[in-house]
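Scroll down for the structure; my scribbles are underneath it.
Read-outs: derived from the displayed coordinates by stated rules, not from any lab. The structure displayed is predicted, hence computed values, not measured ones. Note that we place each Cβ from the backbone using ideal geometry, even for glycine, and neighbour counts take in every protein chain shown.
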Amino acid sequence: MRFLKSVLVSVLSAGLVLFSAGVHVATAAESKDPIKIVINNWSSQLVLANVVGQILESQGYNVEYVPSDSQLQFTAIANGDMHYQVEVWEGSMAENFEKAEMTGGLVDAGTHNAVTREDWWYPSYMNERCPGLPDWKALNKCAEMFSVAETAPKGRFVGPPADWGKHFSERIAALGMDFEEIPVGQAATLWSELQAAYDRKEPVVLFNWTPNYIEAKFDGQFVDFPEYAKACHEDKSWGMNPNALYDCGAAKKGWLKKAIWKGVKDKWPKAWKILHNVDFNNAQIAAAASYVDVEGLNEKEAAQEWVKSNKSVWSKWVN
Ligand code: TMO
């Protein structure tokens, strides 16, 4: 009996070994070192980074999540200290992304289907109260309406966390606006400020972006600033203020890219392909944010949900 039991155990464990060898066969020749996926401080990025990580794990890879500043991350990727960023936004990261790409260490891993915009945004009930919106000059005429004790008589612009590289204070100065940027410490404060104003139909103008869950929950729109051009961020003489950069809005149809360390290609060749294939659209990104900001899941749980219910989407990236 004892003999039988031990035979059974060894047969079972041999089977287990064979089974796990089978699972890992695709990546047998590849490094077991963790692929380091960058995480930032807004919901969709956190969820999608975990989605990508869980997909890689399903293919036998080891994964590590590394927090980084959304501007400094590109040098870290170029140096091979971090390996992949799933959300590179044109409106806030193009310059540092392209600088790192020029060193050769960071590679453009392709553009998502999603079209993006990151800019000043206000609830639609302000259209009646401030005629001429969404034009920025009309907004500026109503500046005092947006003032709080801290900024009066200037209007308050509820700005993003400092590390998001937006240059909004420079824009305010370049365009001579009667606004002052008051940055939040974290993204969640943007939404609580919006909610508080929205509930009382009070004036508020804040930083927002699309795709995001906000557009499904609140009725509002972006402020139209002078049309974006690359030169606006590089050449002072460009635009309506000949002595300043940033006298323009963000791209209205911005790209969303992925960034990868060039060394991934030799170290994890199959992952290199998968990570290029990753492709999210607007609805998927908004839904990713909604799992966290509306349903209250953490990013790991949200990613598990996504991976479970979108197998037909990601199985194409893997094969
Ligand atoms: C990069 N972000 C979506 C926060 O503007």
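Along the stretch 224-233 the Karplus relation, 6.51 cos²θ - 1.76 cosθ + 1.60 evaluated at θ = phi - 60°, assigns HN-Hα couplings of 8, 9, x, 3, 5, 9, 4, 4, 4, 8 Hz to successive residues, with x for each Gly and Pro.
What percent does the relative contact order of the stretch 117-233 come to when contacts are Cα pairs within less than 8 Å and at least six residues apart?
Details: 164 pairs, mean separation 47.1, N = 117.
Relative contact order here is 40 percent.
Measuring between their Cα centroids, the stretch 116-177 and the stretch 254-296 lie 31 Å from each other.
What is the chain's relative contact order, in percent, from Cα pairs under 8 angstrom and six or more apart in sequence? The partial results should precede the final answer.
On the way: 547 pairs, mean separation 81.2, N = 319.
It rounds to 25 percent for the chain.
Put in order of Cβ neighbour count within 10 Å, fewest first, the listed residues Asp293, Asp178 become Asp178, Asp293. For the chain, rounded, prolate or oblate, judged on the Cα gyration tensor with a ≥ b ≥ c (square roots of eigenvalues), a/c < 1.5 rounded, else prolate if a/b > b/c? It comes out prolate by the Cα gyration axes. Applied to the stretch 39-51, the Karplus parametrisation 6.51 cos²θ - 1.76 cosθ + 1.60 on θ = phi - 60° returns per-residue 3J(HN,Hα) values of 10, 10, 10, 9, 4, 4, 4, 4, 5, 5, 4, 6, 4 Hz, with x for Gly and Pro.
Between Gly155, Gly296, Gly165, where does the largest GNM mean-square fluctuation fall for the chain, given springs only between Cα atoms within less than 10 Å? Top of the fluctuation ranking is Gly296.
Scan the stretch 240-302 for trypsin sites (Lys or Arg not before Pro) in coil per DSSP, keeping those whose Cβ has at most 11 other Cβ atoms within 10 Å, and list them by number. Numbers along the way, then the final one.
Working: sites: Lys252, Lys253, Lys257, Lys258, Lys262, Lys265, Lys267, Lys270, Lys273, Lys300; in loops: Lys252, Lys253, Lys262.
In loop regions of the stretch 240-302 (DSSP not H, G, I, E or B), the sparsely surrounded trypsin sites (Lys or Arg not before Pro) are Lys253.
Here the Karplus relation 6.51 cos²θ - 1.76 cosθ + 1.60, evaluated at θ = phi - 60°, turns the backbone of the stretch 202-208 into coupling constants of 8, x, 7, 9, 9, 6, 8 Hz, with x for every Gly and Pro. By the count of neighbouring beta-carbon atoms within 10 Å, fewest first, Cys248, Cys142 end up ordered Cys142, Cys248.
Cβ-Cβ distance of Lys217 and Val318, R₀ of 35 Å, FRET efficiency by 1/(1 + (r/R0)^6): the value works out to about 0.60.
So between Lys99 and Ile182, what do we pick up on full extension, going 0.36 nm a residue minus the alpha carbon distance? Mind dumping the intermediate values first?
Values: separation 83, 0.36 × 83 = 29.88 nm, distance 2.86 nm.
Taking 0.36 nm per residue and subtracting the Cα distance, the gain is 27.0 nm.
Annotation: amide H-H contacts under 5 Å for Cys130 (H modelled 1.01 Å from N, sequence separation of 5 or more, or interchain): none. Comparing Tyr125, Tyr65, Tyr246 in a Gaussian network model of the chain, where Cα atoms under 10 Å apart are tied by springs, the biggest mean-square fluctuation is seen for Tyr125.
Using R0 = 22 Å, the C-beta based FRET efficiency linking Glu234 and Ser169 works out to 0.75. The helix-only estimate of mean residue ellipticity at 222 nm for the chain, built from DSSP H runs of length n ≥ 4 each weighted as -39500 (n - 2.57), is -12500 deg cm²/dmol after division by the residue total. Placing dummy labels 7 Å off each Cα toward the beta-carbon, the span from Thr189 to Lys201 is 2.9 nm. Taking 29 Å as the limit for the C-alpha separation, the pairs Lys137/Lys236; Lys230/Lys258; Lys166/Lys273; Lys36/Lys166; Lys253/Lys308 exceed it in the case of Lys166/Lys273; Lys253/Lys308.
GNM remark for the chain: springs join alpha carbons under 10 Å apart, and the peak mean-square fluctuation among Asn40, Asn208, Asn62 falls on Asn62.
Under 5 Å between amide hydrogens, built in the peptide plane, is the criterion, and for Asp224 it picks out Asp135, Trp136 among residues at least 5 positions away or on other chains.
Going from the alpha-carbon gyration tensor of the stretch 117-233, what semi-axes, largest first and in whole Å, does one get by taking the root of 5 times each eigenvalue?
Output for the stretch 117-233: semi-axes of 19, 17, 15 Å.
A cut-off of 5 Å between modelled amide H atoms, ignoring neighbours fewer than 5 places along the same chain, links Val63 with Ile35.
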